[in-house]
Amino acid sequence: MPRRSTTRSRARSTAAPQPAAPAKSTPRLGRARRRWILAGVGGVAVGLVLFLMGKVRPESPARLRAEAESAARAGDWATALQRWRALNATEAARGATHLGEARACLALGRAAQAERSLRRAIAVEPANPEPWRLLLQILWVEDRPLEAQQLGWEAQARVPPESRRDLLRELTLALLTDLPDEWVRTRLQRWIEADAGDVDARVALLQRIAAQPRAADPDRAVRLAELEALLADHPDHLGVREALVTSLADAGEPDRGRTVLDGWPPAHRDARYWRLLGRWALEYDHQPEQAVAALRHALADLPQDWRSWSRLARALRILGRDGEALQAAETVGRIREVLDPRTLGPRLDADVNHLDDPAALRDLAELCQRVGLTHLADAWRASE
């Protein structure tokens, strides 16, 4: 039994060896795979770089303008505004491109932004009457007659003669007429909702509410608080300061109002400041001579302001200057008669819609003359 076992062991040990397993090819295949992977990653990287270069590289002004105009035609004002702004950030910006941006802003209810764009358009291309016209309309809605007057005369000096009548029309409407209350409120509320930072629209709405309050309007305390907050944020904004001083006077708080009035920036004491100073001198300080001087100063720039004429008449009566007081009182009556919307509206409609008719131009000159706007009256006569 042991020998048999040994023989079997030897047989097993002397058996032909098994062929060796083929050599593995893994290293060679790995290198090929790595090359393919690296090539793929490289291609993706190149594509990404090209993509980013396309994003970083500014689009051509011609393309930006075409896209802005196309979006405007389609009524896609948000896209139009975005493309106009991108174009206006380049050296290709022109008066017309700033005007396009302003139109998009107005369509979106962003009046304050439109005003800035219109002023840039005027600075670049002052001979174009359209930005002047649109800006005068904004000032009309926001009841900013002093600014409208200053802008209107600047426009008359810079636009071609053939465009001046249309701008005279806008200026006349802004100085003589008051737009319908409901329409103005709706417009101002839309502007504020679209741009809460539109200070002029907020002031205009608060002033309109104070002049024609409704049951649903915020009360006086709320309006005063808003104006005080606005003035704290914008101490150099003359419209806010004027509105707050007037509101404090109407609220029977002249001492607080005088403090705000005294803070008026000395370099910007225009007709708004002088008529408020005249009111304080007459009604609270009992200084009629100072009131007369201040009110006459204000009326030199705002002769159509019948309230200032009325205060002037009172101050003159106190001083015993009865003849002058009577003239001032008659001026009040004449201005109020001319500005009565029941008669003024139809008359103006008939005139401004027929600016090619010399009779309409003469009538516009007479209207302006009767309210003391002699410069505007002369401009209408010269336009025949």
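Rounded to the nearest 10 Å², what accessible area does GLU228 show when all protein chains are kept and the probe is 1.4 Å?
The accessible area comes out at roughly 70 Å².
Expressed as cubic angstrom per residue, what is the convex hull volume of the alpha carbon set of segment 173-239? Walk me through the numbers before you get to the answer.
Numbers: hull volume 6.7 nm³, N = 67.
Here the figure is 100 Å³ per residue.
Between SER383 and THR90, what is the label-point separation in nm under the 7 Å Cα-to-beta-carbon projection?
Result: 3.8 nm between the two label points.
For labels at GLU69 and GLU289 in the simple 7 Å Cα→Cβ model, what's the distance in nm?
Those two pseudo-labels are separated by 6.7 nm.
Based on the Cβ-Cβ distance from ALA123 to ASP322, what FRET efficiency comes out when R0 is 51 Å, to the nearest 0.05?
FRET efficiency, ALA123 to ASP322: 0.50.
Using alpha carbon coordinates only, what is the Rg to Rh ratio of segment 95-212, with Rh defined as the Kirkwood radius?
On the way: Rg = 13.9 Å, Rh = 14.4 Å.
Taking Rh as the inverse mean 1/r over Cα pairs, Rg/Rh reads 0.97.
Going 7 Å from the Cα of ASP301 in the Cα-to-Cβ direction, what parts of segment 216-243 have a backbone nitrogen less than 19 Å from that spot?
Of the residues in segment 216-243, 235-243 have backbone N under 19 Å from the label point off ASP301.
Scan around THR90 for amide H atoms under 5 Å from its own, H built in the peptide plane at 1.01 Å from N, and keep only partners 5 or more places away or cross-chain.
It is none; the list stays empty.
Along segment 301-307, what does the Karplus equation 6.51 cos²θ - 1.76 cosθ + 1.60 (θ = phi - 60°) give for ³J(HN,Hα), rounded to whole Hz, x for Gly and Pro?
So the Karplus estimates, Gly and Pro as x, are 9, 10, x, 7, 7, 5, 5 Hz.
Seen from all sides and averaged, what is the projected area of the convex hull of the Cα atoms in segment 315-362, in nm²?
4.4 nm²
Ordered by residue, what ³J(HN,Hα) values in Hz, to whole numbers, does segment 76-93 give under the Karplus form 6.51 cos²θ - 1.76 cosθ + 1.60, where θ = phi - 60° and Gly and Pro are x?
8, 6, 5, 5, 4, 5, 4, 6, 4, 5, 5, 5, 6, 8, 9, 6, 7, 4
Treat each spin label as a single point 7 Å out from the Cα along the C-beta direction, and report the TRP153 to LEU173 distance in nm.
2.3 nm
Gain in length, GLU228 to ALA194, computed as 0.36 nm per residue apart minus the alpha-carbon separation, to one decimal in nm?
10.0 nm
Round to the nearest 0.05 the FRET efficiency obtained for ARG214 and GLU253 when R0 = 30 Å and r is the Cβ-Cβ distance.
Once rounded, the FRET efficiency stands at 0.85.
On alpha-carbon atoms, Rg over Rh for segment 242-384 using Kirkwood Rh?
1.06
I need the fraction of alpha carbon pairs in segment 151-199 separated by more than 12 Å, rounded to a whole percent.
70 percent
Per-residue HN-Hα couplings for segment 122-139, Karplus 6.51 cos²θ - 1.76 cosθ + 1.60 at θ = phi - 60°, whole Hz, x for Gly and Pro?
5, 4, 7, 9, x, 7, 7, x, 5, x, 4, 4, 5, 5, 4, 5, 4, 5
The values are calculated or read from the model by the stated rules, or taken from the named source; none is laboratory data. Just so it is clear, the structure is predicted and the values come from calculations on it, not from any experiment. With ideal geometry, Cβ positions are generated from the backbone for all residues, glycine too; neighbour counts draw on all protein chains shown. Accessible surface areas use protein heavy atoms only, side chains included; no ligands, DNA or RNA. Shrake-Rupley method; radii C 1.70, N 1.55, O 1.52, S 1.80 Å.
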